[in-house]
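The values are calculated or read from the model by the stated rules, or taken from the named source; none is laboratory data. Bear in mind that the values here come from a model prediction, so they are computed numbers and not experimental data. The accessibility values were calculated without ligands, DNA or RNA, using every heavy atom of the protein model including side chains. Shrake-Rupley method; radii C 1.70, N 1.55, O 1.52, S 1.80 Å.
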Amino acid sequence: MIPARRTFLVGAGAAAALAAGGAGSLARAQGLAKVRYLTPFGFLIDFGEAMYADTGGFFRHEGLDVEIQGGRGSAMSVQQVMAGNVLLSRTGGTDHIKAYAKEPSLVAIGEIVQRDIFFVISHADKPLRSAHDLAGKTIGVVSSGGATENLLDMMLAASGIPADQVQRQPVGNAPTAFEFVKQGRIAGYIATTDTVYQLKVDKQPIVAWSTDEVAPCPGQVYITSRANVEKSADLLAKFLRGVHACVGAMLEAKDLAPIVDSMTTKYDVVEAKRPDKGVAVLKYDLDATYRPSYRDKLASAPAHWTSAYDLMVKAKIIPALDKRDFYDDRVRRAAFG
């Protein structure tokens, strides 16, 4: 999902000790309910809302012992939920719709990031300022057939541009892919908001705009099975409340360093290896993505699901569907009233 920031399993020794030793015994002694959750990709600081909810005690306050596993992309998120190996996972809204088209027993229950995380990035000297500017160009995508190529096709469909008028080149998600733009090998590329942030920190001459400006979509959502909504709604509601409380605490914190330190006691957070311990990235994520979802208590806008579905059908990413109940708000309402 985010190739430039991969890896990152929990440190084997610490994880084994926590799983087999004191943490498990303490959980049983306190009567905590066991829940398994899968991140979209490893233990990136982007997914700190769950990691700190664990290490900061927010899940425990809700009566949960949450085991967080590091995922390896949206396909794994879907597979593990459907196999019953995890209670819930997190993925992109368009990834969820694409999976739902094949497996309608999947359902989203809350939205932790309200905007899509992807941006179109180009050089300030040769800027791409709208989807119409993409026609006749070569555009970089994270991977062939993945979320960014789907978004590219959706933007072209929304703007009435035939898909074959734009060439695609897989370039990954790293800030270093901007070198391909400088060399003229691609006119621009689609990458995550964190890549935009790093390019700005490095004072690169970029023009960047959100894909949501052309193709509004749900952002990052929590997914589970419909069967889990019926039989484990209480656990799911407690998970959402724990996440919400955690995000609120991070937003209020004057110093994020102790929060990152807390995460790293259990998780191998790659950004924590940076000179600033990942604090700048976490602060950016909180301000850019988490504040609206905290305000709205993880609610999801129906209009974004409709927009995404219509454009995905128009772009022939999915067929037209008789049922389109991608999102179920019952768990969130139970969590927050």
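List of remarks:
- Histogram of C-alpha separations across segment 182-256, 5 Å bin width, %: 3, 10, 12, 13, 14, 15, 13, 8, 7, 4, 1
- Measuring nothing but protein heavy atoms, the accessible surface of segment 227-290 at 1.4 Å probe radius is 55 percent carbon and sulfur.
- The lysines within cross-link reach of Lys316, meaning a Cα-to-Cα straight distance under 26 Å and a gap of 8 or more places when in the same chain, are Lys98, Lys102, Lys137.
- Relative contact order, percent, the chain [alpha-carbon distance under 8 Å, six or more residues apart]: 27
- Spread of Cα-to-Cα distances over 5 Å intervals beginning at zero, given as percent, for segment 225-334: 2, 10, 15, 15, 14, 14, 14, 10, 5, 1, 0
- Remark: relative contact order (segment 73-144) = 18 percent; criterion is Cα-Cα distance under 8 angstrom and separation of 6 or more residues.
- Gained length - Asp125 relative to Ala253, 0.36 nm times residue gap less alpha-carbon distance: 42.2 nm
- Cross-link pairs beyond the 20 Å C-alpha cut-off, checked among Lys34/Lys283; Lys200/Lys283; Lys254/Lys277: Lys34/Lys283
- Candidate aspartates and glutamates for bridging to Lys238, where Cα separation is under 13 Å - those fewer than 8 sequence places away on the same chain excluded: Asp54, Glu62, Asp65
- Rolling a 1.4 angstrom probe over segment 102-172 with all protein chains present gives an accessible area of which 48% lies on carbon and sulfur atoms.
- Extension reserve of the Glu213-Ala303 stretch, reckoned as 0.36 nm per residue once the Cα distance is removed: 31.0 nm
- One quarter of the surface of the convex hull around the alpha-carbon atoms of segment 78-191 equals 8.3 nm², the direction-averaged projected area.
- Solvent exposure of segment 94-168 as accessible area per residue, Å², 1.4 Å probe: 37
- Above 23 Å, the calculated P(r) of segment 27-150 contains 45 percent of its Cα-Cα pairs.
- Ellipsoid semi-axes in whole angstrom, largest first, where each is sqrt(5λ) of the Cα gyration tensor of segment 136-200: 20, 13, 10
- Normalised per residue, the volume of the convex hull around the Cα set of the chain (Å³): 127
- Over segment 219-263, volume per residue of the alpha carbon convex hull, in Å³: 93
- Selected from Thr265, Thr148, Thr224 as most flexible by GNM, with the chain as the system and alpha-carbon contacts under 10 Å: Thr265
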